[in-house]
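To keep things clear, I will list the structure first and then write my remarks on it.
The values are calculated or read from the model by the stated rules, or taken from the named source; none is laboratory data. Just so we're clear, the structure is a prediction, and the values are computed from it rather than from any experiment. In this analysis, Cβ positions are derived from the backbone assuming ideal geometry, glycine residues included, and neighbour counts consider all displayed protein chains. Just the protein is used for accessible areas: all its heavy atoms, side chains included, with ligands, DNA and RNA removed. Shrake-Rupley method; radii C 1.70, N 1.55, O 1.52, S 1.80 Å.
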Amino acid sequence: MPKYFLGVDGGGTNCRIRLADANLSTLAEARGGRSNLQLENGDPAYVSIREGTRQVFAMAGVDFAETVNTHACFGMAGARLPSAREAFAARDWPFAKVTVYDDIDIARAGAHEGEDGAVIIVGTGSAGMALVKGKRFQVGGWGFYIGDQMSGAILGRELVRHAVEATDRLVEGSPLTEAVIEKLGGSLDAVMAWSFDKRQPADYGALMPLFIEYFEKGDPVAAELMEIELGHIDRYVNYFKARGAEKLAIVGGFGQRLLPLLSIRYGDYVCLPRAEPLHGAVILARQNADAENAI
């Protein structure tokens, strides 16, 4: 049995690295740089994890040579494609074994502490995944341009569109649509200039606090858009129920903000995650080691 387990939660702007002992007790945790596998062929992610590994072993007071007795699990942004995961796992690593997952796998493992169940990520982006009796089901996660239907970014984009059409008097407006125009410059000319200024999904997702504020005030446009949002979530809930998932955890800042509404809609089928994705990575590292030893 390995002496240590190392988990990585790799994101587009930074990564977190945790070293745990055989009982999964955390020995140390470090941070690294950007770690999306789609950035520069994964080179920044490789450097971040290599440097972060040296740091976390030093912080734990464990000889770096013990990496040969360490199973590692990486949950990486940009790892939706199997080819990206396989190529990254095949790099020169010092560990006894490395397994690379999409970041939603470690989110799911953490949310249910390694047990079966489903998870949806509802943040700036969105995706869903479940593990049911050893079978993996993954949906969504295709990005802002062709997917992310449940995300704050997509809802924010639709909110801006509605605000523009309301200002043009094509649809009914509301205090929310007026607030959106004001926030983005005060006129349609300003909003158009804003939209062409290299906008990223996070820029649209940043409108969610304003959206929630007006939704809680009973704004009619917010209520209309919220029903569309919940309809997208319905598809995922129905998909995972049909595949036998008995519990669905909600991960992501926007999704957790919606949890009271989701609980009314779906009852105790939905829940908050039991642990964070980084702990999920460590759990998967141990599960992989257990499976290997059982052979």
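Structure summary
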read-out: Sparsely packed trypsin sites (Lys or Arg not before Pro) within the stretch 248-295, loop by DSSP, other Cβ within 10 Å at most 16; value: 274
read-out: Contour excess over end-to-end distance, with Cα ends at residue 81 and residue 234 and 0.36 nm allotted per residue; value: 52.5 nm
read-out: Shape category assigned to the stretch 13-158 from the gyration tensor of Cα positions, a/c cut at 1.5; value: prolate
read-out: Computed lengthening from residue 274 to residue 188, 0.36 nm per intervening residue step minus Cα-Cα distance; value: 26.5 nm
read-out: Cut-off 15 Å (backbone N to label point 7 Å along Cα→Cβ of residue 14), residues of the stretch 54-87; value: 56
read-out: Sorted peptide list for 116-124, 201-209, criterion being average Cβ within 10 angstrom, highest first; value: 116-124, 201-209
read-out: Pairwise label distance in nanometres, residue 66 with residue 97, each label 7 Å out on the Cα-Cβ vector; value: 2.0 nm
read-out: Gain upon complete extension [residue 291, residue 196; 0.36 nm per residue less C-alpha separation]; value: 29.1 nm
read-out: Cleavage-rule hits (trypsin sites (Lys or Arg not before Pro)) in the stretch 95-175: DSSP loop, at most 14 neighbouring Cβ within 10 angstrom; value: 133, 169
read-out: q = 0.07 Å⁻¹: log10 I(q)/I(0) that the Debye formula gives for the chain, counting C-alpha atoms only; value: -0.31
read-out: Residues listed by number, the stretch 203-225, amide nitrogen under 18 Å from residue 263 label point at 7 Å toward C-beta; value: 216
read-out: Accessible area expressed per residue, the chain, with surrounding protein chains retained (probe 1.4 Å, Å²); value: 47 Å²
read-out: Cross-link table 183/217; 97/247; 135/247, entries beyond 26 Å C-alpha to C-alpha; value: 97/247
read-out: Förster radius 41 Å - calculated FRET efficiency between residue 170 and residue 138, Cβ distance, rounded to 0.05; value: 0.60
read-out: Protein accessible area in the stretch 166-295, 1.4 Å probe - carbon and sulfur %; value: 53 percent
